[in-house]
1. Before we move on, is L67 assigned to a helix (DSSP H, G or I), under 30 Å from A300 (Cβ atoms) and touching a helix residue (DSSP H, G or I) at 6+ places or on another chain (Cβ under 7 Å)?
2. Scan A326, A288 and give me the residue that is at pLDDT 90 or above and small (G, A, S).
3. Residues of region 276-300 being part of a loop (DSSP other than H, G, I, E, B) and either over 22 Å from the mean Cα position of the chain (by Cα) or surrounded by fewer than 16 Cβ atoms within 10 Å (Cβ to Cβ) (or both), which ones?
4. Would you tally the residues in region 158-176 being among the small types (G, A, S) and surrounded by 16 or more Cβ atoms within 10 Å (Cβ to Cβ)?
5. Is there a residue being in contact with a Lys or Arg (Cβ under 7 Å, 6 or more places away or on another chain), surrounded by 13 or more Cβ atoms within 10 Å (Cβ to Cβ) and either not aromatic (F, W, Y) or not assigned by TED's automatic domain parsing to the domain that holds D158 (or both) anywhere in region 214-226?
6. Take R315 and decide whether it is modelled with pLDDT under 90, part of a helix (DSSP H, G or I) and either surrounded by fewer than 14 Cβ atoms within 10 Å (Cβ to Cβ) or in contact with a His (Cβ under 8 Å, 6 or more places away or on another chain) (or both).
7. All but one of (1) modelled with pLDDT of 90 or more; (2) of a type in the set (D, E, K, R); (3) part of a helix (DSSP H, G or I) hold for E13, so report the exception by its number.
8. What are the residues in region 363-383 that are closer than 18 Å to W411 by Cβ and surrounded by fewer than 13 Cβ atoms within 10 Å (Cβ to Cβ), if any?
Amino acid sequence: MTEATTSCRREIELEIPAEEVQKSMEKIAREIARVARVPGFRPGKAPVTLIRRRFAEDIKSEVLQSLLPEHLERALAEKKLAPVTRPQVDHVEFPEAGPVKFRAVFEVFPEFELGEYKGLEVEVDAVEFTDDDVARALEEMRGRAATFVPVEGRTLADGDFGVLKIIGVPAAGGEPIQAENVLCHIGAEETMEAFNTHLRGAQPGDKKQFDATYPQDYPDPKLAGKTFHYTVDVLGVKERKLPELNDEFAKDVDAASLEDLRSKIRENLEAARDHRQREQAEQKIIEALIAKHEFPVPDALVEHQMDARLERVVRSLAGQGVDPRAVNVDWVSLRQRQRERAVGDVKAEMLLDRIASAESVDVAEEEIDHEIIHLAEHSGESAQAVRARLTKQGSLDRMKSKLRSDKTLEWLHRNARIRTAAKDTKS
């Protein structure tokens, strides 16, 4: 067997004795002879020697399917090798007489010594919030609770919202855009400048025609890089009216008073800060672990992680209402750029698994039940249905592995020395 310490790839060259091959060929030939229809012979009466000549390739194929897996499994057990994925068989030699030879190529999990992992020292960024942050959060809440009230007797000005009927025709041809009662925020940064320029000063009843060219990086792929000719009817003018910042407003958002609302916002900001710092600490713990352990990883697992990362990008786009097929992205290149991070993902998973074993971190059945109940609450299914689905998909073991990794990371976090970086006071 050829091995390389810098790679997880392994090769085994095997040989099946000629006597065993011949016995298998004879057995299979007899089985075929019992059912084969050969011109000039009644069913099952053709000589085995004729069957071996006439069905030579079929017999060889059956022999290989019968003997190769058996010999490969035995060799792997003897050498105490556990392939990560199914071995690939090649270089098969099947002579008329003599042994059958073949090679199996596969990857194994790497062997490495577990180095330092207790008491890792990491630094997280200082995250502070002030009364200004509380005030900003209050203003955002007011903004979400704002109402739009009609304005009579004046034209559209910056800050107003025009009520529009829009028809947009692509200059290069294609499906037009049509919408009614659209609110357009005049003068806003997010509003296309062509709309600001041509609608500023307009009044209800006006009709405006103009072109708008969207930048190549515009978020909506249906519009990005395209020019549209717009016909816009101004139906009305509205202003955004913010609610008064008082106890009544606080009660509308489930707080006892304005001061109680401010306290809740502070608590939420504190929780968000702690969560952000914890995530950062855990990420840096993983990075520190990887830096302290040098070992190869199976390429098959790296490829799987690259696919998983790409799938998350696609799901994210779909979640934003964007058709991934319509996005001008070089998906092959994007996938390839995930390789380095995917290698890190695989290393982290292996390290957490080894540490979990070293520290006897395990997942109780009650924890799996709790996770299944959590999934059921979000999916609207019963816990029994979720468990049945996960069992059918073979996902329960993956769930348990994920929970075990999460618990191990929590253990590492508890045992790490985490310090907060001094806040940068430079302007």
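The values are calculated or read from the model by the stated rules, or taken from the named source; none is laboratory data. Note that the coordinates shown come from a computational prediction; the quantities given were computed from them, not determined experimentally. Because the Cβ atoms are built from the backbone with ideal geometry, glycine has one as well, and the counts that use them run over all protein chains shown.
1. Against the criterion (assigned to a helix (DSSP H, G or I), under 30 Å from A300 (Cβ atoms) and touching a helix residue (DSSP H, G or I) at 6+ places or on another chain (Cβ under 7 Å)), L67 qualifies.
2. A288
3. Those that are part of a loop (DSSP other than H, G, I, E, B) and either over 22 Å from the mean Cα position of the chain (by Cα) or surrounded by fewer than 16 Cβ atoms within 10 Å (Cβ to Cβ) (or both): H293, E294, F295, P296.
4. The initial filter retains those residues of region 158-176 that are among the small types (G, A, S), namely 159, 162, 168, 171-174.
With surrounded by 16 or more Cβ atoms within 10 Å (Cβ to Cβ) added as a condition, the list becomes 162, 168.
Count: 2.
5. no
6. Taking the combined requirement at face value, the residue satisfies it.
7. Just one mismatch for E13, condition (3).
8. A364
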